[in-house]
2 protein chains.
Amino acid sequence: MLETNLKRAGNQTVVFANPPVILSSYTVVGPMEGQGPLGATFDSVWPDTLHNEKSWERAESKLLQEALEGAIARSGVTRDQIDFMLAGDLLNQIISSNYAARQIALPFIGLYGACSTMALGLILGSMLLDGGFARHVLVGVSSHHDTAERQYRMPTEHGNQRSMSAQWTVTGAGSVLLGRSGNGPRIASATVGRILDYGETDANNMGAAMAPAVSDTILNHLHDLNRTPADYDLIASGDLGTVGLGLAHEVLKKSGIPVGQEFTDCGVMIYDPSQDVHAGGSGCGCSAVVFAGSILQRVRAGEFKRVLLVGSGALHSPTSSQQGESIPSIGHAVEIVG
Amino acid sequence: MLETNLKRAGNQTVVFANPPVILSSYTVVGPMEGQGPLGATFDSVWPDTLHNEKSWERAESKLLQEALEGAIARSGVTRDQIDFMLAGDLLNQIISSNYAARQIALPFIGLYGACSTMALGLILGSMLLDGGFARHVLVGVSSHHDTAERQYRMPTEHGNQRSMSAQWTVTGAGSVLLGRSGNGPRIASATVGRILDYGETDANNMGAAMAPAVSDTILNHLHDLNRTPADYDLIASGDLGTVGLGLAHEVLKKSGIPVGQEFTDCGVMIYDPSQDVHAGGSGCGCSAVVFAGSILQRVRAGEFKRVLLVGSGALHSPTSSQQGESIPSIGHAVEIVG
């Protein structure tokens, strides 16, 4: 039986035989993210959100391109040794990624996982490496506050009032270069999520929509590997925001999972409450820059030995919302060890 | 060196050590596709494009769900033996796939590759299987004429005149269930494409935009495996249409590749000229239903021993077009053997 050489633990989790290495990472953010509590952890902070581009959409693609180029340059790996680029973003037809991929000119795989895209890219990239299909894989993800607002909600010029449960889409792009060997944090295992939808229809409360899916993936991950939250120095969802994080804590505790302060959220970490973003940050770029910046720096410094990044995606669209649909949500978990 | 166990041939092509098996396939199409030359090859033909749903978007998701359920049922594989569902479509935030994935309830990976998505899903699914990460993988892709028209161009109620180079978005969904062993056509190798963009800005001439990327991927695939077009019984792009197919023939011949009548296009195959679709079919569903229907049937019947499906994606959006951008295009090739 071929089934005997499967790299699986439990039902939903994959364990890598040769854990892929994060050889380098690079982050580029907008001014507001630069002024936040993680400001010093980012590699580049743009002075404004257009950065000499003619449109926010072009700016977002440039943001991603800079992050991808930064990760390549820092890795010491030459472009001809990179076999795939995996990327995604929030824009219709993931144009930020497509136009960045045009410039990077590597074999390209486009993903859509909303805010879970960095986690999804890390998981697929690791499978391509551990499966023997690539020498190096480049992963990159972006979001931009103004492109997302005008596509999903209102043009920012409108100045409409935001609800307190709303999250603020991060202007930022993060990229990592993964390899099969070398020094750096390693990707040990991954749990690809199922879609859960408990009927939440409020697009201004995506944290509540995503909390069940994130909790479900954490539960399955821990169950599959026979672990508890205490086995991790950090469990970071990305991005539930304050409302969703509170709900996920509650769901996990009610499910008998003793989760404590080690479970936090990239959307909670990226802004200071004084920045008036209400429930925290969101957008593909949020978990991408928090993970590729602060979290990886703390893993490399030895502060974190084992981290679980749980990317969370609200997989609706303005069209589905207008047609009365609720928000299908997903969580993808990836385990990083120092 | 870990590099020694890489499954690669040449620069861009992966060769599977244990070629994954296509255990089953299922196709669902709209009435117009059912009336076309391949009508008898589809598993289900809807009598109309709404099929009792309230919106075309809901109908598209239902179309995909039926195709996915059909492939599962026909395979004899139980749902708990399927480890991943890979899907994508043309709609913003791939909602057809997300809502279908909510119903199917398998660990879900969302893809965006425009009309190349079926090929991309076959490639990634094969990597997950051959890499040892899954027992079975479900792949599904959809498009719908009316959802695509109103999102990308004009509402169909508008009745505006279409240009002669325009392609007709197929209403249809195709699904395949892949496994690690068993009987059926096998996926032998794959070539993930790079984005090429020669400056075409006319969204009503996507075949011209995509022809260079498709030609580039075919060239690389043949070069990496040291083959000629004569080694294939069929090379089917999906979907260049008549205009793009003619251009791709020209590009390949000028590049010294002696391509003949074995190179055709799913968008050319699916409609009869009398159906007045101008340059042929397009949309994720086009190559999905032609491949999962007619092509696989002819492979199973022994008529085709070796087929190359080259999914082609026009990776623009209405927003990028409005901002004056050209159409970045990609081709992904997957080799199927009988």
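Within region B:75-112, can you find the residues that are more than 23 Å from A:Thr117 (Cα to Cα), touching a residue at least 60 places away in the same chain (Cβ under 8 Å) and of a type outside the set (A, V, I, L, M, F, W, C)?
B:Ser75
So which of B:Ser96, B:Ser165, B:Ser75 ends up being under 21 Å from B:Ile22 (Cβ atoms) and more than 8 Å from every other protein chain (Cβ to nearest Cβ)?
When all the criteria are applied, what remains is B:Ser75.
Identify all residues within region B:226-238 that are surrounded by 17 or more Cβ atoms within 10 Å (Cβ to Cβ) and part of a loop (DSSP other than H, G, I, E, B); write none if there are none.
Correct list: B:Tyr232 only.
Could you tell me whether region B:179-196 includes any residue that is out of contact with any Asp or Glu (no Cβ under 8 Å at 6 or more places or on another chain) and under 30 Å from B:Trp56 (Cα atoms)?
For region B:179-196, residues out of contact with any Asp or Glu (no Cβ under 8 Å at 6 or more places or on another chain) and under 30 Å from B:Trp56 (Cα atoms): absent.
Test B:Phe291 against the stated conditions and say whether it is within 18 Å of B:Arg186 (Cβ to Cβ) and assigned to a loop (DSSP other than H, G, I, E, B).
For B:Phe291, the condition - within 18 Å of B:Arg186 (Cβ to Cβ) and assigned to a loop (DSSP other than H, G, I, E, B) - is not met.
Residue-wise test of (1) part of a helix (DSSP H, G or I); (2) of a type in the set (Asp, Glu); (3) away from chain A (no Cβ under 14 Å).
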{"residue": "B:Asp224", "(1), (2), (3)": "yes, yes, no"}
{"residue": "B:Ala248", "(1), (2), (3)": "yes, no, yes"}
{"residue": "B:Val268", "(1), (2), (3)": "yes, no, yes"}
{"residue": "B:Val277", "(1), (2), (3)": "no, no, yes"}
{"residue": "B:His316", "(1), (2), (3)": "no, no, no"}
{"residue": "B:Thr319", "(1), (2), (3)": "yes, no, no"}
{"residue": "B:Ile336", "(1), (2), (3)": "no, no, yes"}
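Among the helices (runs of 4 or more DSSP H) lying completely within region A:1-120, list those that include at least 3 residues that are within 28 Å of A:Ala203 (Cα to Cα) and touching a helix residue (DSSP H, G or I) at 6+ places or on another chain (Cβ under 7 Å).
Answer list for region A:1-120: A:56-75, A:95-104.
Determine whether region A:116-128 contains at least one residue that is within 8 Å of chain B (Cβ to nearest Cβ), more than 21 Å from the chain's Cα centre (by Cα) and modelled with pLDDT of 95 or more.
no
Evaluate the following for A:Ala203: is it within 14 Å of chain B (Cβ to nearest Cβ), in contact (Cβ under 8 Å) with a residue 24 or more places away in the chain and surrounded by 24 or more Cβ atoms within 10 Å (Cβ to Cβ)?
Spelling it out, it is not the case that A:Ala203 is within 14 Å of chain B (Cβ to nearest Cβ), in contact (Cβ under 8 Å) with a residue 24 or more places away in the chain and surrounded by 24 or more Cβ atoms within 10 Å (Cβ to Cβ).
Which of the following residues is of a type outside the set (Phe, Trp, Tyr) and either buried (at least 20 other Cβ atoms within 10 Å of the Cβ) or under 18 Å from the mean Cα position of the chain (by Cα) (or both): A:Gln12, A:Gln35?
Criteria check complete, one pass: A:Gln12.
Please go through region B:262-314 and pick out each residue that is among the small types (Gly, Ala, Ser) and at positive phi.
B:Gly280, B:Gly283, B:Gly302, listed by residue number.
Filter region B:168-191 for residues that are of a type outside the set (D, E, K, R), more than 19 Å from B:Glu66 (Cα to Cα) and in a loop (DSSP other than H, G, I, E, B); which is farthest from the other protein chains (Cβ to nearest Cβ)?
Across region B:168-191, the extreme among qualifying residues is B:Pro185.
Does A:Glu69 meet the test of being surrounded by fewer than 24 Cβ atoms within 10 Å (Cβ to Cβ) and either free of Cβ contacts under 8 Å to residues at least 24 places away in the same chain or more than 11 Å from every other protein chain (Cβ to nearest Cβ) (or both)?
Taking the combined requirement at face value, the residue satisfies it.
Among the numbered criteria (1) small (Gly, Ala, Ser); (2) at negative phi; (3) within 14 Å of chain A (Cβ to nearest Cβ), which one does B:Ser44 miss?
(3)
Considering only region A:294-314, how many residues are more than 26 Å from A:Asp216 (Cα to Cα) and either under 13 Å from the mean Cα position of the chain (by Cα) or in a loop (DSSP other than H, G, I, E, B) (or both)?
3
Could you grab me the full set of residues in region A:305-326 that are within 16 Å of A:Tyr198 (Cβ to Cβ), buried (at least 24 other Cβ atoms within 10 Å of the Cβ) and in contact (Cβ under 8 Å) with a residue 12 or more places away in the chain?
Within region A:305-326, A:Ser312, A:Gly313, A:Ala314, A:Leu315, A:His316 meet the criteria.
The values are calculated or read from the model by the stated rules, or taken from the named source; none is laboratory data. These figures come from a predicted structure and were not determined experimentally. No Cβ is skipped: glycine too gets one built from the backbone with ideal geometry, and neighbour counts run over all protein chains shown.
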